[in-house]
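J.: I have a structure I would like to understand better, so I am pasting it below and will then ask my questions one at a time.
The values are calculated or read from the model by the stated rules, or taken from the named source; none is laboratory data. Model, not experiment: these values are computed from the prediction. Cβ sites come from the backbone with ideal geometry, for glycine too, and all protein chains shown count toward neighbours.
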Amino acid sequence: MTAPAGTWLMPTPQGVLHAFGGSEPDAMQSALQALLAADHALPLDVWSSAVVDADLVLAQARERGWMELMRRPVPGPDVRLDDFAQHVIAPLSGERRAVLASDGGFRLGHAGIGQDEADTLSVAAADFSAFARRQGARGWKGAERYVSFFSEPTLLMPDWSFVPFWVDGAGYWLVVAGEPLLNNLAMVELVWSIRLASNRFQTG
């Protein structure tokens, strides 16, 4: 094994975006998803025993910046956090304005904007989900990726960006205003929290 004993594994924010970025995860994505399956970071030996070709997967994931090694166990996020949106969703937006929605159009959390606008953006996310499914049926998977809207013709800074991801077969959209700050540990916390409390989020 290329990592020493007494090591725990965690996905990076980029690793989470890759791992949960498709509705049908491949082998690498499934291996990365396994890192957030428990309420604590997985020890290297536990993860390795459940992953085919673990040495190769570990090397590739580290080379691509999708996984990091920890020298101590990391606890999962506190899913009982009262102000979840402000602490986890807001930091992913440069303007601290964001919405978490289901692919069915239900608002699951919002920060920095009013409820009506959050509901409107959630419905828009559902429309994008339907569009992506239609395009996928026609053979183009590109519609499953990120969507941004700009008010300036230079296209330098989006007004809103829509980020799709899937957790345990359920689709979600993160909608962020201004600069998307997705390379943020809050992205890991968001997905991990959903995995640990999926029923809470699906019911809104």
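J.: Within region 1-25, how many residues turn out to be more than 16 Å from the chain's Cα centre (by Cα) and within 19 Å of Gly169 (Cα to Cα)? Spell out the reasoning first.
T.: Let us first name the residues in region 1-25 that are more than 16 Å from the chain's Cα centre (by Cα), namely 1-9.
In the following step, the residues that additionally are within 19 Å of Gly169 (Cα to Cα) were identified as none.
Adding up the residues that qualify gives 0.
J.: Turning to a different aspect of this structure: Hey, Leu155 hits all of (1) at negative phi; (2) exposed (fewer than 15 other Cβ atoms within 10 Å of the Cβ) but one; which does it fall short on?
T.: Of the numbered conditions (1) at negative phi; (2) exposed (fewer than 15 other Cβ atoms within 10 Å of the Cβ), the odd one out for Leu155 is (1).
J.: Collect the residues in region 11-34 that are crowded, with 20+ Cβ neighbours inside 10 Å, touching a Gly at 6+ places or on another chain (Cβ under 8 Å) and not hydroxyl-bearing (Ser, Thr, Tyr), keeping them in residue-number order.
T.: Of everything in region 11-34, those that are crowded, with 20+ Cβ neighbours inside 10 Å, touching a Gly at 6+ places or on another chain (Cβ under 8 Å) and not hydroxyl-bearing (Ser, Thr, Tyr) turn out to be Gly15, Leu32.
J.: With the requirement that a residue be part of a loop (DSSP other than H, G, I, E, B) and either over 16 Å from Leu17 (Cβ atoms) or assigned by TED's automatic domain parsing to the domain that holds His18 (or both), what does region 143-172 give you? Before the answer, list the steps.
T.: Going through region 143-172, the residues part of a loop (DSSP other than H, G, I, E, B) turn out to be 145-146, 150-159, 168-169.
Answer for region 143-172, where residues must be part of a loop (DSSP other than H, G, I, E, B) and either over 16 Å from Leu17 (Cβ atoms) or assigned by TED's automatic domain parsing to the domain that holds His18 (or both): Phe150, Ser151, Glu152, Pro153, Thr154, Leu155, Leu156, Met157, Pro158, Asp159, Asp168, Gly169.
J.: Given the condition under 30 Å from Trp47 (Cα atoms) and aliphatic (A, V, I, L, M), answer yes or no: does some residue in region 142-157 qualify?
T.: Scanning region 142-157, I find no residue that is under 30 Å from Trp47 (Cα atoms) and aliphatic (A, V, I, L, M), so the answer is no.
J.: Is it true that some residue in region 127-136 is over 21 Å from Trp8 (Cα atoms), in contact with a strand residue (DSSP E or B) (Cβ under 8 Å, 6 or more places away or on another chain), touching a residue at least 40 places away in the same chain (Cβ under 8 Å) and crowded, with 17+ Cβ neighbours inside 10 Å? Spell out the reasoning first.
T.: Of region 127-136, the ones over 21 Å from Trp8 (Cα atoms) are 127-136.
With in contact with a strand residue (DSSP E or B) (Cβ under 8 Å, 6 or more places away or on another chain) added as a condition, the list becomes 128-129, 132.
Restricting the remaining residues to those that are touching a residue at least 40 places away in the same chain (Cβ under 8 Å) gives 128-129.
Checking the rest, the ones that are also crowded, with 17+ Cβ neighbours inside 10 Å come to 128-129.
Yes, because at least one residue in region 127-136 is over 21 Å from Trp8 (Cα atoms), in contact with a strand residue (DSSP E or B) (Cβ under 8 Å, 6 or more places away or on another chain), touching a residue at least 40 places away in the same chain (Cβ under 8 Å) and crowded, with 17+ Cβ neighbours inside 10 Å.
J.: Let me ask something additional. Test Ala85 against the criterion of being part of a helix (DSSP H, G or I) and over 20 Å from Pro13 (Cα atoms), and give yes or no. Before the answer, list the steps.
T.: On the way: part of a helix (DSSP H, G or I): yes; over 20 Å from Pro13 (Cα atoms): no.
No.
J.: If I go through region 101-131 residue by residue, how many of them are among the aromatic types (Phe, Trp, Tyr) and either in contact with a Pro (Cβ under 6 Å, 6 or more places away or on another chain) or more than 16 Å from Ile89 (Cα to Cα) (or both)?
T.: First pass over region 101-131, keeping only residues among the aromatic types (Phe, Trp, Tyr): 106, 128, 131.
Next cut, either in contact with a Pro (Cβ under 6 Å, 6 or more places away or on another chain) or more than 16 Å from Ile89 (Cα to Cα) (or both) only: 128, 131.
The qualifying residues number 2.
J.: Failed condition for Arg133, given (1) farther than 18 Å from Leu17 by Cβ; (2) touching a Gly at 6+ places or on another chain (Cβ under 7 Å), with all others met?
T.: Condition (2) is where Arg133 drops out.
J.: I'd like the residue in region 93-109 that is touching a helix residue (DSSP H, G or I) at 6+ places or on another chain (Cβ under 9 Å) and either over 17 Å from Ala197 (Cβ atoms) or free of Cβ contacts under 8 Å to residues at least 24 places away in the same chain (or both) and, out of all such residues, is surrounded by the most Cβ atoms within 10 Å (Cβ to Cβ).
T.: Taking region 93-109 and keeping what is touching a helix residue (DSSP H, G or I) at 6+ places or on another chain (Cβ under 9 Å), we get 96-109.
If we keep only those that are either over 17 Å from Ala197 (Cβ atoms) or free of Cβ contacts under 8 Å to residues at least 24 places away in the same chain (or both) as well, we get 96-99, 103-105.
Working: Arg96: 17, Arg97: 20, Ala98: 33, Val99: 29, Asp103: 21, Gly104: 14, Gly105: 17.
For region 93-109, the residue satisfying everything is Ala98.
J.: Right, another one. Taking region 122-142 as the search range and keeping residues that are among the hydrophobic types (A, V, I, L, M, F, W, C), in a helix (DSSP H, G or I) and at pLDDT below 90, which one is nearest to Ala170 (Cα to Cα)?
T.: Residues of region 122-142 that are among the hydrophobic types (A, V, I, L, M, F, W, C), as a first pass: 123-126, 128, 130-132, 137, 140.
Those left that are additionally in a helix (DSSP H, G or I): 123-126, 128, 130-132, 137.
Subset that is at pLDDT below 90: 132, 137.
Values: Ala132: 15, Ala137: 18 Å.
Filtering region 122-142 for residues that are among the hydrophobic types (A, V, I, L, M, F, W, C), in a helix (DSSP H, G or I) and at pLDDT below 90, the one nearest to Ala170 (Cα to Cα) comes out as Ala132.
J.: Among residues belonging to region 4-41 that are in a strand (DSSP E or B) and either at pLDDT 95 or above or among the charged types (D, E, K, R) (or both), point out the one that is farthest from Tyr146 (Cα to Cα). Full working, then the answer.
T.: Applying the first criterion (in a strand (DSSP E or B)) to region 4-41 yields 8-11, 40.
Filter again for either at pLDDT 95 or above or among the charged types (D, E, K, R) (or both), leaving 8-11.
Numbers: Trp8: 31, Leu9: 27, Met10: 24, Pro11: 20 Å.
The residue in question is Trp8.
J.: If you don't mind, another one. Take the conditions in the same structural domain as Asn184 (by TED's automatic domain parsing), over 24 Å from Thr12 (Cβ atoms) and within 19 Å of the chain's Cα centre (by Cα) and apply them to Leu92. Does it pass?
T.: On the way: in the same structural domain as Asn184 (by TED's automatic domain parsing): yes; over 24 Å from Thr12 (Cβ atoms): no; within 19 Å of the chain's Cα centre (by Cα): yes.
Considered against the rule, which asks whether it is in the same structural domain as Asn184 (by TED's automatic domain parsing), over 24 Å from Thr12 (Cβ atoms) and within 19 Å of the chain's Cα centre (by Cα), Leu92 comes out as no.
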